[in-house]
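This report refers to the structure that appears directly beneath it.
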Amino acid sequence: MDSYLAGLATESVSEATRDIDLCSTLEMVEMMNREDERVARAVHAECGHIAEAVDRIYACLRRGGRLIYLGAGTSGRLGVLDASECPPTFGVDPSMVQGFIAGGDVALRHAVEGCEDSAEDGERLIDGLNVGENDAVVGITASGGAAYVLGAMKRVKARGGTAIGLCTNAHTRLEEVCDVTVAPVVGPEVITGSTRLKSGTAQKMVLNMFTTCAMIKLGKVYGNLMVDLRASNKKLVDRSKRLIIHATGASPSAAAQALAAADGHTKLAILMLKTGRDAAQARRLLDACEGRLRQAIETAKGEDGHV
């Protein structure tokens, strides 16, 4: 028996759910809900480390680098999910945020056992991606001990990249090979060892914070509006129009006209309506302000002589 695994909180038996197999359906659901309430508190306790990780990620992205997620099993799937949501949500190139899972894409749908035990596979991934000093790599492993992740993170450090760990146990091997490790301690799982449950929920919450906060710092959000989306389907066109109306007070017809003139770029349409610039002028202004809409609006006010 592996003494490391045996000592993990996520591998221990929960006294609170010991008799879950004797419960009614409603009792099971309520029991799981009570356990899930612990997750947010565990994540809150790691806010300082999360903020440090976000700042490191932002610094890499601002230098033109990448955010790379990697993990095995549930952890890997969650990283791929978060990465895949960034282009439609924030209008970024798919290469900016990437997700990888041990065993390759087939492991997204089918369990590929044993892949997490290969440190060499993790090392090869990092070398194949040509990770360098401008890249932030997040290794995700509930146990904090998956060899695939540990091998990858050691290689990240050797190549000068930023190594960030995400696990759900304290004082793990992952901490030893990362610049910063986020470790919300969620305790025993409802079903012993099933880390797709509380551990997976905690990891998803932290990954949401990593990308969302980094993108906010990059100017991808105006107020709390998702303004960098590009209207590429019917649903997104409708959402873009509503965002434009909310941000500018424009009529539905004016919002639609601006969105069309901006070639479906919501942020650009807002800037055009807020400043009276045409698409080309607004685009130059936005570029000069590194894509930061609030700054561009204030700059336009200064140019127009408004206080």
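The values are calculated or read from the model by the stated rules, or taken from the named source; none is laboratory data. Quick caveat, the model's predicted, so the values are computed rather than measured. Cβ coordinates were reconstructed from backbone atoms using ideal geometry, including for glycine residues, and neighbour counts include every protein chain displayed. When the accessible area is computed, the model is the full protein with side chains, heavy atoms only, and any ligands, DNA or RNA have been set aside. Shrake-Rupley method; radii C 1.70, N 1.55, O 1.52, S 1.80 Å.
Bridge orientation summary for the range 92-214: considering DSSP beta bridges with both residues in this region, about 0 percent are antiparallel.
The calculated FRET efficiency for the pair ASP93 and LEU22, based on their C-beta separation and a Förster distance of 35 Å, comes to about 0.10.
With the cut-off at under 16 Å, measuring from each backbone N in the range 157-196 to a point 7 Å along the Cα-to-Cβ line of MET32 picks out 189-196. Please check which bits of the range 198-222 a label hung off HIS246 would reach, taking the label as a point 7 Å along Cα-to-C-beta and the cut-off as backbone N under 16 Å. Residues passing the 16 Å test: 216, 220-222. Largest mean-square fluctuation among VAL180, VAL29, VAL149, in a Gaussian network model of the chain whose springs join Cα atoms under 10 Å apart, belongs to VAL29. Remark: the range 75-88, residue by residue, has Karplus-estimated 3J(HN,Hα) of 4, x, 4, 5, x, 4, 4, 5, 5, 5, 7, 5, x, x Hz, where x stands for each Gly or Pro and the curve is 6.51 cos²θ - 1.76 cosθ + 1.60 at θ = phi - 60°. Summed over the residues of the range 199-307 and divided among them, the accessible surface reaches 50 Å² per residue at a probe radius of 1.4 Å.
Here the range 187-307 is assigned +1 on the Cβ of each Lys and Arg and -1 on the Cβ of each Asp and Glu. Its dipole about the Cα centre then comes out at about 380 debye. Electrostatic bookkeeping for ALA300 treats Lys and Arg as +1 and Asp and Glu as -1; over the other residues with beta carbon under 14 Å from its beta carbon, the sum is +3. As a fraction of the 1.4 Å probe accessible area of the range 133-194, surface on carbon and sulfur atoms comes out at 44 percent. Summing charges over all other residues whose Cβ lies under 10 Å from the Cβ of ALA146, with Lys and Arg as +1 and Asp and Glu as -1, gives -1. Tell me the net charge near VAL92. Cut-off is 10 Å between Cβ atoms, VAL92 excluded, with +1 for each Lys or Arg and -1 for each Asp or Glu. Here the count lands on -1. The dipole here belongs to the chain: it is taken about the Cα centre, uses +1 on the Cβ of Lys and Arg and -1 on the Cβ of Asp and Glu, and is about 1540 debye.
GNM on the chain, alpha-carbon springs under 10 angstrom: the most fluctuating residue among LEU26, LEU150, LEU236 is LEU26.
Nearest-5 percent of antiparallel DSSP beta bridges in the chain?
10 percent
Note on the range 1-128: with neighbouring protein chains present and a 1.4 Å probe, carbon and sulfur make up 52 percent of its accessible heavy-atom surface. Against the longest principal axis of the chain, how steep is helix 147-158, in degrees 0 to 90 to the nearest 10, with axes from Cα atoms? With both axes taken from Cα atoms, the answer is about 50 degrees. How about LYS241: which lysines have a C-alpha closer than 23 Å to its C-alpha, ignoring those fewer than 8 places off in the same chain? Result set, ordered by chain and number: LYS220, LYS267, LYS274.
The Cα atoms of the range 210-307 give a gyration tensor whose axes a ≥ b ≥ c have a/c of 1.5 or more with a/b no greater than b/c, which makes the shape oblate.
Can you give me the accessible area per residue for the range 1-103, using a 1.4 Å probe, in Å²?
Per-residue value: 52 Å².
The slack in the chain from ALA158 to THR299, taken as 0.36 nm per residue of separation less the alpha-carbon distance, amounts to 46.5 nm. I'm spelling it out carefully: the read-out is mean projected area of the Cα convex hull in nm², the candidates are [x] 15.8; [y] 14.7; [z] 19.0, and one was derived from this structure. Which label? Only one listed value fits the structure, namely [z].
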